Structures are given as C-alpha cells and as structure tokens.
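**Q** My questions will all concern the structure given below.
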Amino acid sequence: MTVTEEEELAKAKAGAREWVGPGVAAYMLGISKDALKKRRQRNEGLIPEHRQAKSNRQGAQYRWSSVVRCAGAERIQSDVLAQRLDDVVAALKKRGLEGLEQDLPWAYNHVDRLVGFASLHPQLPARALTVLEALDAPWVSSEARQPFHDWAMGMLQAAAERAVQAAG
C-alpha cells in the first residue's frame with residue numbers, strides 16, 4: 001500500500017471516511033487491485049458496495065462498511081466454516097428453527113429461510129433456502145448433510161410423539 005492508502009485506511013478505521021479507494025478495498029480483501037477490478041467487471045465473488053470511477057486516475061470507490069463485511073467473509077477458513085456448521089447444528093438441536101433466529105441471526109431470516117454467509121453481502125449470487133430446500137439441494141458430501149438430516153428426522157420424530165400423546 002502507498003502512504004496515501006495507509007492514511008486513507010487509518011481514516012476509514014477511525015470512522016472519518018465512508019468511501020475508500022480500490023487500493024484500500026483490495027488490501028482489506030487480501031487481493032490485488034487488478035483482481036478486485038476484475039471481480040467488479042465480471043460481477044463475480046465478493047464485491048463491496050461501490051460507485052463507478054469518475055476518471056481513470058481515481059478508480060471506483062468502495063463503501064467502507066461493505067468492505068469490512070466482505071473482508072470478514074473473505075477470510076473465513078474451512079475450520080471456521082466447520083465451527084459455524086457445528087453452531088448451526090447445536091442451535092437446531094437445542095431450540096429448533098426458532099433458536100436460530102436468536103442464537104445465529106446470520107444463518108436465519110424472518111421468513112424461515114436459512115441464509116448462512118449470503119447475508120454478509122446482498123450482491124452475493126445466492127438465495128436463501130427453506131430447511132427442506134437446503135436438505136434437498138446437492139451437498140458437497142453426505143457427511144456434510146448428515147447433521148441436518150439427523151436434526152430434521154429428530155424434529156419429525158418429536159412431532160409424531162407429541163401427536164400420539166395429544167391423541168392418547
């Protein structure tokens with residue numbers, strides 16, 4: 001980063017800048033300015049909220065709060081994803097779908113949809129799924145799907161037991 005970009009970053013972190021240049025945005029995402037530009041042009045990957053360049057010298061400007069959210073999502077490692085999956089399974093087992101909204105608001109929205117990391121940036125090419133849609137969707141492996149399958153089967157079994165108790 002240049003000295004100017006370092007100053008810009010310091011001001012943004014201090015809350016004195018709402019918009020930052022491509023150098024700061026790319027630095028925060030851990031990619032090159034060119035890679036960020038290509039993402040924006042191709043509309044692929046995590047792209048912070050931006051406004052188009054006014055000239056060739058200035059470049060696009062990126063909203064700082066969006067850069068921070070995207071940078072957090074960009075740095076998520078597989079071990080963190082595994083921990084998040086464990087968090088979701090634990091919340092589902094503990095209090096069901098209603099518990100997700102309270103315990104893991106990033107994973108669940110107000111219309112009973114699992115959203116996961118898609119909520120970190122509104123321009124992600126992803127859509128929220130119902131639990132049934134998520135279970136029916138292609139999974140990377142049956143091992144990744146199994147905790148959700150077990151939870152769903154447990155919920156169905158518990159509902160069946162409550163129905164038997166209510167009838168009898």
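Derivation of every value follows stated rules applied to the coordinates shown; laboratory data play no part. The model shown is predicted, which means the values in this text are computed figures rather than measured ones.
**Q** Please list, in chain and number order, the residues 5+ apart from Trp19 or on another chain whose amide H is under 5 Å from its amide H, with Hs placed from the backbone.
**A** Trp64
**Q** For segment 51-68, take each phi angle, set θ = phi - 60°, evaluate the Karplus expression 6.51 cos²θ - 1.76 cosθ + 1.60, and give the result in whole Hz per residue in order, putting x for glycine and proline.
**A** 10, 4, 5, 8, 8, 5, 6, 7, x, 5, 10, 10, 5, 4, 4, 6, 4, 4
**Q** Excluding same-chain residues fewer than 8 positions from Lys38, which lysines have a Cα within less than 22 Å of its Cα?
**A** Result set, ordered by chain and number: Lys54.
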